[in-house]
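**Student:** Here it is: the structure, laid out below.
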Amino acid sequence: MHTFFLLSAIVLTIIIAVPLVRVLKGPTVFDRLLATNAIATKTIVLICIIGYLYGRIDMFIDITLAYAILGFVGSLVIAKYVISSKVVRD
Amino acid sequence: MAIQNIICIILVVIGIVFMLMGSIGILRLPDFYSRSHATSKSDTLGILFVISGLVVYEGFTLSGIKLILIILFIALANPIGTHALARSALQRGLKPFFNDSAKKGGKS
């Protein structure tokens, strides 16, 4: 079972690295924000699987909860900021 | 090999396939709105499958209950975040992508 968790963590890391291309060459600022949001939501699952790899899921699960809440609040704040901002151009 | 491990492996593999589809969609589709359409739903479903598999592997303990809380929070929060981003893009004035040849064919 440890081998399966290690393999799934490696595959998930490759999947997380794919939207970085969209972050680098996105035409508008919303594409970059969307790709960043996708990376943040997939990292939650990666932290859970890393917790099973180290055998200390009781510690990593709290880190996962805090990361999920911070990512959600950050995404909402940036979405509200981009509407009325004069600094960010398309 | 116990029955719990087999169910866990099946659920995690299904979830990883859904997340792979979301990543390919965010790379290949032509517009911001279609990209958000691709990544929001498939990512949410993939995360729900993977963490459900971890809940089956964990069993009924305190960590399992916290994993169920994470499932509820992701199912609420991830579509709301993507919807707020798409609505801010629409209010900012980003035009959706239309297929010009199909529109001309519909007119004539």
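Every read-out reported here was derived from the displayed coordinates using simple, explicitly stated rules and does not represent laboratory data. Small disclaimer: the values here were computed from a predicted structure and weren't measured. Glycine gets a Cβ as well: all are built from the backbone with ideal geometry, and neighbour counts include every protein chain shown.
**Student:** Order these by the 10 Å Cβ neighbour count, fewest first: B:LEU69, A:LEU24, B:LEU20, A:LEU34. Working shown, then result.
**Tutor:** On the way: B:LEU69 13, A:LEU24 9, B:LEU20 17, A:LEU34 29.
Fewest-to-most ranking of B:LEU69, A:LEU24, B:LEU20, A:LEU34: A:LEU24, B:LEU69, B:LEU20, A:LEU34.
**Student:** Which order results if B:THR82, A:THR28 are arranged by neighbouring Cβ count within 10 Å, fewest first? Intermediate results must be reported in sequence, preceding the final value.
**Tutor:** Working: B:THR82 23, A:THR28 15.
Taking fewest neighbouring Cβ atoms as first place, the list is A:THR28, B:THR82.
**Student:** Only helices at least 15 Å long along their own axis, judged from Cα atoms, and with Kyte-Doolittle mean hydropathy of -0.5 or greater: name those in chain B from DSSP H.
**Tutor:** Going by DSSP H runs, the hits are B:3-28, B:32-58, B:62-92.
**Student:** Between B:LYS95 and A:TYR67, what FRET efficiency comes out of the Förster formula 1/(1 + (r/R0)^6) with R0 = 45 Å and r the beta carbon distance, rounded to 0.05? Walk me through the intermediate numbers first.
**Tutor:** Details: r = 34 Å, r/R0 = 0.76.
For R0 = 45 Å, the calculated efficiency reads 0.85.
**Student:** Taking beta carbons within 10 Å but only from partner chains, what does the mean come to for residues B:63-70?
**Tutor:** Mean number of neighbouring Cβ atoms from other chains: 4.
**Student:** So how do A:62-68, B:13-19 stack up, highest first, on mean other-Cβ count within 10 Å?
**Tutor:** My ranking of the peptides, most packed first, is B:13-19, A:62-68.
**Student:** For labels at A:ILE47 and A:VAL23 in the simple 7 Å Cα→Cβ model, what's the distance in nm?
**Tutor:** Calculated label separation equals 1.6 nm.
**Student:** If you place +1 on the Cβ of every Lys and Arg, -1 on the Cβ of every Asp and Glu, and leave all else neutral, what size is the dipole of the range A:2-89 about its Cα centre, to the nearest 20 Debye?
**Tutor:** The calculation lands at about 480 debye.
**Student:** Let me ask something additional. Within 10 Å, at most 15 other Cβ atoms, and a DSSP state outside H, G, I, E, B define an exposed site. Report the longest part of chain A free of exposed trypsin sites (Lys or Arg not before Pro).
**Tutor:** In short, A:1-55.
**Student:** Along the charge dipole of chain B, which of B:ILE24, B:PHE49, B:HIS37 sits closest to the positive end, that is, farthest toward it, with unit charges on the beta carbon of Lys, Arg, Asp and Glu (+1, +1, -1, -1)?
**Tutor:** Farthest towards the positive pole: B:HIS37.
**Student:** Can you give the average number of partner chain beta-carbon atoms within 10 Å of each beta-carbon in peptide A:58-70, as a whole number?
**Tutor:** 3
**Student:** Okay, next question. What does the net charge come to around B:THR39 if you take all other residues with beta carbon closer than 15 Å to its beta carbon, with K and R at +1 and D and E at -1?
**Tutor:** +3
**Student:** Can you give the mean number of other chain Cβ atoms that lie within 10 Å of the Cβ atoms in peptide B:86-97?
**Tutor:** Numbers: counts 3, 2, 10, 10, 2, 3, 9, 1, 6, 0, 0, 0.
Counting other chains' Cβ atoms within 10 Å and averaging over B:86-97 gives 4.
**Student:** Please get the size of the charge dipole for the protein assembly as shown, origin at its Cα centre, with Cβ charges of +1 on Lys and Arg and -1 on Asp and Glu, quoted in debye to the nearest 20. Present the calculation step by step, with values, prior to reporting the outcome.
**Tutor:** Details: 18 positive and 8 negative charges, 211 e Å.
That gives the protein assembly as shown a dipole magnitude of about 1020 debye.
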